[in-house]
Amino acid sequence: MLSTVERGQKVPSILVMGQIATALDTSIGRLVGEEAAPRAIVLRAADQRIINDPARIERRGLSPSR
């Protein structure tokens, strides 16, 4: 069944999609959704959060916190 679905020869039911997702240890959404490219967000020096710790080490947050 999986081979025929991959070749576009059959359209699986939602039940079969659930079984395939379970066997692949993923979700139905990940099976049918497009993989989004990860985005990297880097802050400009002026926008970075600076933390000065007691050991005289300056730390900078290079990406936004959530």
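For L15, the conditions (1) free of Cβ contacts under 8 Å to residues at least 12 places away in the same chain; (2) surrounded by 10 or more Cβ atoms within 10 Å (Cβ to Cβ); (3) more than 17 Å from the chain's Cα centre (by Cα); (4) in a helix (DSSP H, G or I) are fulfilled apart from (2).
Would you be able to say whether some residue in region 48-55 is under 26 Å from the mean Cα position of the chain (by Cα) and either in a loop (DSSP other than H, G, I, E, B) or surrounded by 10 or more Cβ atoms within 10 Å (Cβ to Cβ) (or both)? Yes, because at least one residue in region 48-55 is under 26 Å from the mean Cα position of the chain (by Cα) and either in a loop (DSSP other than H, G, I, E, B) or surrounded by 10 or more Cβ atoms within 10 Å (Cβ to Cβ) (or both). Scanning region 1-26 for residues that are modelled with pLDDT of 90 or more and small (G, A, S) turns up S13, G18, A21, A23. Does G61 satisfy being out of contact with any Lys or Arg (no Cβ under 8 Å at 6 or more places or on another chain) and of a type in the set (G, A, S)? Considered against the rule, which asks whether it is out of contact with any Lys or Arg (no Cβ under 8 Å at 6 or more places or on another chain) and of a type in the set (G, A, S), G61 comes out as no. Does region 2-12 hold any residues that are surrounded by fewer than 10 Cβ atoms within 10 Å (Cβ to Cβ) and aliphatic (A, V, I, L, M), and which are they? Result: V11, single match. Filtered by the rule that a residue be hydroxyl-bearing (S, T, Y) and either under 28 Å from S65 (Cβ atoms) or surrounded by fewer than 10 Cβ atoms within 10 Å (Cβ to Cβ) (or both), region 18-47 gives a lone residue, S27.
The values are calculated or read from the model by the stated rules, or taken from the named source; none is laboratory data. Here the structure is a predicted model, which means the values were calculated and not measured. Using ideal geometry, Cβ is built from the backbone for each residue, glycine included, and neighbour counts are taken over all protein chains shown.
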